[in-house]
Amino acid sequence: MVVVGGFVVSQLAYAAIGIRFDATALHPRGPSEDLWQMLDTHLLTHDLVQSLWYLHSQPPLFNLYCGILLHLPLGVQQPVAAGCFWLLGLLLAGSTYLLLAELQVPPWAAATVSLVVVANPATILYENWLSWSYPAASLLTVGAYCCARFMKTRRTGWGVGCFTCFALVVLDDSTYQWVWLIAVMAALLFLMRPVWRQVFLVTAISLLLVGGWYAKNAVIFGTATTSSWFGMNLASTTIARAPKAQLNKLVHEGHLSPIATEIPFAPVGVYDPLFVQTGTTGVRTLDSLLKSDGATNYNNLAYVAVSNLYLRADLAYIRMNPGAYARNVALGAEVWFVPADQFQLPSDNYAGDGARISGYETFYDAAILWQAHSGVYAGLLASTTGAAPSAGAYSYSTVVEYLLALLVAPFVIFRRRRSRSFAGTLVVLWLTVTYSFLATSLTSLGENMRFQFELGSLPLVLAVAVLASLLRSVQTTRKSNGQEKSSSERPKAPRHGSIREP
């Protein structure tokens, strides 16, 4: 009741200061309001099924959701979108509390942590911005709670709920690929060996759904991920950060393809026909160079081949310059610890919501996240100039949180291994947090604080559960030692036949 009440009060407070849901991407008035990850809104409105079938640049769920919104009457599109995200926020808050309760965190602490999540400026901004990030954060948290219940009760419904949420995350956010989903499944199969058939049963529909989309992409486009942009994204940690003179030299020596000297995500005309020749397919979402709002159509078929060329150049560069790549990976990991509300786009998006809560952001980031000063351009500077965030831009409470979540959690899991549901839930949380942190740091530079947000409350839940378990162990040890001491000081009963002093 406290968590739900706090969430409702927060929503009323945000509305009172003018926070509004930003659904600009549904009707962009030009390239500056366009989302790269969205298909042409004209096609989503008039040719939704075919456009989704030939979507290769992103997982399908976000574009499907936007397409459904665009089929609604114009006057209700934004309220419906805002209402859906409001429900996701309620799920995020409630499942955070329930997950902590399943992990034996005291109710007062679980409620406090949940309210901290609700009050986070990043939660406020992402909850009011039409994107795939907020659904991913909410679905991961709900899925983790269902996983905890499944391991505790072994009821099929909870298992289906868990893997349905996780499958939807894979189909919503390109960060989460089949590798992560299979790792979670393998962990549950190992931890729940006596009921392994039931585990297979609850994962069947989700694996078929996700596997079907991968199979479609493999057959039509020859890709092995839910996003054909992998090679262009990886370039942010490799050739995009290399000096121009070095790239020219490597190209001249034949070590790299000439495409390495071009900027990733350039318009199609930069690549076709110089590097690739795709021709026409008769499918508008694959053939169009531009969207109806004038922005580049990044779902053009040319980008599949272009991204593959970049991927080969990326891997070649990593082999020849592993040190430079390692520095860029470390830089991405550093950007991860900048507060998520300082992702470089808030000044351009959120319908001005960032400006409305700027004072609150400063207070929260200083008091709760232990940040000395804002790092709003940290990701942008890291990706363009290679500058690391300043010491004052880090969230030091997030650093402590990840030390507990990534490094201390395995120790607690080992100590509590006999408690299958508790330890098993921590394993799934640890796998998810570790996967996201490593996968994004290894493959992308600049948006790492946004990737941090997409984990929802899982890192904080894991850290708090670990800390609570350690404190319980200390208290139990002290209590046990106290009882032994008092027992040793208690006078012994007299032997039979002995005489007591009066």
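What the table shows:
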quantity: Helix-only mean residue ellipticity at 222 nm for the chain, each DSSP H run of n ≥ 4 adding -39500 (n - 2.57), per residue, nearest 500; calculated: -20000 deg cm²/dmol
quantity: Low-density loop positions, trypsin sites (Lys or Arg not before Pro), region 410-471 - DSSP coil, at most 12 other Cβ in 10 Å; calculated: Arg418
quantity: Trypsin sites (Lys or Arg not before Pro) restricted to DSSP loop in region 270-348 with at most 14 other C-beta within 10 Å; calculated: none
quantity: Long-range amide H partners of Thr223 with built H, under 5 Å; calculated: Ala218
quantity: Part-to-part distance (alpha-carbon centres) for region 136-186 and region 461-479, which is given in Å; calculated: 26 Å
quantity: Dipole-positive endmost among Pro28, Val49, Leu115 within region 24-167 (Cβ charges, Cα centre); calculated: Leu115
quantity: Amide proton proximity set for Leu290, modelled H, under 5 Å, gap of 5+; calculated: Asn297
quantity: Ascending count of other beta-carbon atoms within 10 Å, so fewest first, for Ser95, Ser227, Ser32; calculated: Ser32, Ser227, Ser95
quantity: Electrostatic dipole magnitude of region 169-250 [Cβ: Lys, Arg +1; Asp, Glu -1; Cα centre; debye, to 20]; calculated: 280 debye
quantity: Value of relative contact order over the chain, rounded to a whole percent, pairs C-alpha under 8 Å and six or more apart; calculated: 20 percent
quantity: Long-range HN-HN contacts of Asp22 with modeled amide H, under 5 Å; calculated: Trp129, Leu130
quantity: Projected area, mean over directions - the chain, Cα convex hull, nm²; calculated: 31.6 nm²
quantity: Anisotropy class of region 300-430 from Cα gyration tensor, a/c 1.5 cut; calculated: oblate
quantity: Compactness relative to 2.2 N^0.38 Å, alpha carbon Rg of region 1-95; calculated: 1.27
quantity: Aspartates and glutamates with Cα under 12 Å of Lys152, excluding same-chain neighbours fewer than 8 positions away; calculated: Glu102
quantity: Pairwise centroid distance, computed over Cα atoms, of region 254-306 with region 321-339, Å; calculated: 28 Å
quantity: Karplus-derived 3J(HN,Hα), 6.51/-1.76/1.60, for each residue of region 238-250, Hz, glycine and proline x; calculated: 10, 5, 5, 9, 7, x, 4, 5, 5, 5, 4, 5, 5
quantity: Three principal axis lengths of region 183-319 [C-alpha, angstrom, descending]; calculated: 60, 39, 24
quantity: Note, ³J(HN,Hα) from phi for region 89-101, Karplus 6.51, -1.76, 1.60, rounded to Hz, x at Gly and Pro; calculated: x, 5, 5, 4, 5, x, 5, 4, 5, 5, 5, 5, 5
quantity: Using θ = phi - 60° and Karplus 6.51 cos²θ - 1.76 cosθ + 1.60, couplings along region 166-183 (whole Hz; Gly, Pro as x); calculated: 5, 5, 5, 4, 4, 7, 10, 10, 5, 4, 9, 10, 4, 4, 5, 4, 5, 4
quantity: The chain: Cys lacking any partner C-beta under 4.7 angstrom; calculated: Cys66, Cys84, Cys165
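Each value in this text was obtained by applying a stated rule to the coordinates, not by laboratory testing. In this text, all values refer to a predicted model and were calculated from it rather than measured experimentally. Every residue, glycine among them, receives a Cβ derived from its backbone with ideal geometry; neighbour counts consider all protein chains shown.
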